[in-house]
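Only one structure is covered here, and it is reproduced in the block below.
Read the figures in this text as sums done on the coordinates, not as results from a lab. None of these values were measured; they are calculated from a predicted model. All Cβ positions, even for glycine, are placed from backbone atoms using ideal geometry, and neighbour counts span all protein chains on display.
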Amino acid sequence: AEAVKAAQESVTLTTTQYKAGTVSYLNVITVQTIELANEVTAVRILGRRMAAAVLLIQALGGGWSAASLPSAADVTNGSWSARHSGEQR
C-alpha cells in the first residue's frame, strides 16, 4: 500500500514537472509504468492473502456452509469432535 501511494505521488510530481517543462515525457511514462507495476503487485498480494485465509480455514476444519458446522451443544459436550475425529478431509 505504501509503494502504491508513493508511486502515485511520484506520478503527480513528475507530471507537474513535465507540464513545467523540466522533464521529458519519458520520465512520466516511466513513473506511470512503475505505478502500474506496484498496483499489480498489491493486487496479487491481496489475492494471495485471501487464498491463504481460505486455506487456513479449510485446514482448521472450517467450511463455508453453516449447515455443516456443529451446534454449540455438540461442541460443548464433545460429541461432535469424538464422532468426527477419524474423518479424512
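What does the charge count near residue 32 come to, summing +1 for each Lys or Arg and -1 for each Asp or Glu among other residues with Cβ under 14 Å from its Cβ?
On the way: positive: none; negative: 9, 35, 39.
Local charge sum for residue 32: -3.
Given the Cα atoms of region 2-80, and with Rh set as the inverse mean 1/r over their pairs in the Kirkwood sense, what is Rg to Rh to two decimals? Show your work: numbers first, answer last.
On the way: Rg = 24.0 Å, Rh = 16.5 Å.
Looking at region 2-80, the ratio lands at 1.46.
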